[in-house]
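Below you'll find the structure, written out as structure tokens, and then a few comments.
The numbers here are math on the coordinates, done by the rules we state, and not lab data. Because the structure is a prediction, the values reported are computed rather than measured. Neighbour counts run over all protein chains shown; Cβ positions are idealised from the backbone, glycine included.
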Amino acid sequence: MKKDYKFSIGTIVTLKTHPLLYNLEIKGDGKLIPPFMIVKEIFIEKENKITHSEEFGKQIADKIKYKCVFFDDDKTTFKEVLLYETMLKKFTNIYIARKDGKIKDDQENYESLIQETKKYKKPKYEYGKILFFKTKKFEILKKRTSLKILNTVSEPNDKDGDGNKEIRTVQYVVNYSSPEFILCSIKTNELKDDYYPDGKIKRKVSKTLFKVKWFNSSQMKFSDIYLPRECFTDKQPFKSEVKYNSKKKGK
């Protein structure tokens with residue numbers, strides 16, 4: 001049966017105002033950008049749902065809305081929000097610039113972050129396993145660019161000959177980044193997929209929930225939460241000398 005919705009449970013989305021939908025780097029205040037989120041639940045309204053204003057005849061709502069979850073690094077906890085489909089864009093539309101800003105000669109062996117994320121699979125349950133929120137790498141690799149103009153002696157790159165030198169600075173913007181999580185429990189979701197009398201889907205939810213634990217630095221305690229297992233990956237996002245989930249000691 002054809003799906004009525006664009007995004008599935010576990011899909012990484014963001015508000016369509018995110019600057020990385022249109023440029024490789026962020027310009028302006030990095031605190032003003034929306035987070036990358038993961039679809040937690042899907043709601044499909046009835047056919048007779050009012051989506052247009054009776055007064056103006058203009059659209060004011062969608063037939064599809066999503067409950068999305070993101071990590072608030074300021075409060076060190078998860079938050080949820082309901083958003084209409086028209087307000088969102090999928091992670092595949094995002095531009096993520098390379099660290100060095102250059103293109104490799106060996107493009108065949110280069111895997112983009114988008115390609116890497118497409119390969120994420122729902123992790124299998126294993127008590128004590130280390131998991132990662134799927135948006136982690138997107139949030140950490142965001143970059144912001146700024147331009148500083150110095151009044152100095154005329155330089156070769158001073159095109160206007162006015163004694164001003166432009167210095168471009170690029171830095172990472174890591175707000176909304178999430179910590180690593182410890183997998184500590186599993187359960188069947190008490191919420192079930194809902195259907196209308198005609199058999200059409202009303203609400204779509206995850207079948208399996210993972211309980212994860214992390215250190216909540218803002219409250220100086222350890223926190224835990226149940227979230228759909230589709231929110232996580234066990235693929236280590238960044239290389240290190242030791243694999244987090246390695247079963248071999250010291251390796």
Among 192-198, 176-182, 54-60, what's the highest-first ranking by average C-beta atoms within 10 angstrom per residue? 176-182, 192-198, 54-60
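Relative to the present Cα-Cα distance, how much length would full extension add between Ile167 and Tyr244 at 0.36 nm per residue of separation? Please report the intermediate quantities before stating the final value.
Details: separation 77, 0.36 × 77 = 27.72 nm, distance 3.94 nm.
Fully extending the segment from Ile167 to Tyr244 adds 23.8 nm.
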Let me know the charge dipole size of the chain about its Cα centre in debye, to the nearest 20, where only the beta-carbon of Lys, Arg (+1) and Asp, Glu (-1) is charged. 1280
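Going by the alpha-carbon gyration tensor, a ≥ b ≥ c the square roots of its eigenvalues, is the stretch 187-231 rounded (a/c under 1.5) or, if a/c is not under 1.5, prolate (a/b greater than b/c) versus oblate? Don't skip to the end; give the middle numbers.
Details: a/c = 4.53, a/b = 3.36, b/c = 1.35.
Verdict is prolate for the stretch 187-231.
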I'd like the FRET efficiency for Lys235 and Lys148, computed as 1/(1 + (r/R0)^6) with the beta carbon distance as r and R0 of 45 Å, rounded to 0.05. 0.75
So, over other residues within a Cβ distance under 12 Å of Thr188, counting Lys, Arg +1 and Asp, Glu -1, the net charge is +3
Residues with amide H under 5 Å from that of Thr208, placed H, sequence gap 5 or more: Asn189, Arg229
By its C-alpha gyration tensor, with a ≥ b ≥ c as the square roots of the eigenvalues, how is the chain shaped: rounded for a/c under 1.5, else prolate for a/b larger than b/c, else oblate? oblate
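Step through the table entries Lys89/Lys211; Lys89/Lys134; Lys142/Lys202; Lys16/Lys118, compare each Cα-Cα distance with 24 Å, and write down the pairs that go over it. Please list the in-between numbers first.
Working: Lys89/Lys211 28 Å; Lys89/Lys134 16 Å; Lys142/Lys202 36 Å; Lys16/Lys118 20 Å.
Among Lys89/Lys211; Lys89/Lys134; Lys142/Lys202; Lys16/Lys118, the Cα-Cα distance tops 24 Å for Lys89/Lys211; Lys142/Lys202.
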Between Asp74 and Lys90, with labels modelled 7 Å along Cα→Cβ, what's the label distance in nm to one decimal, could you check? 3.1
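Using per-residue counts of other Cβ atoms within 10 Å, averaged over each peptide, order 118-129, 13-24 from highest down.
Details: 118-129: 12.5, 13-24: 17.1.
By packing density, highest mean first, the sequence is 13-24, 118-129.
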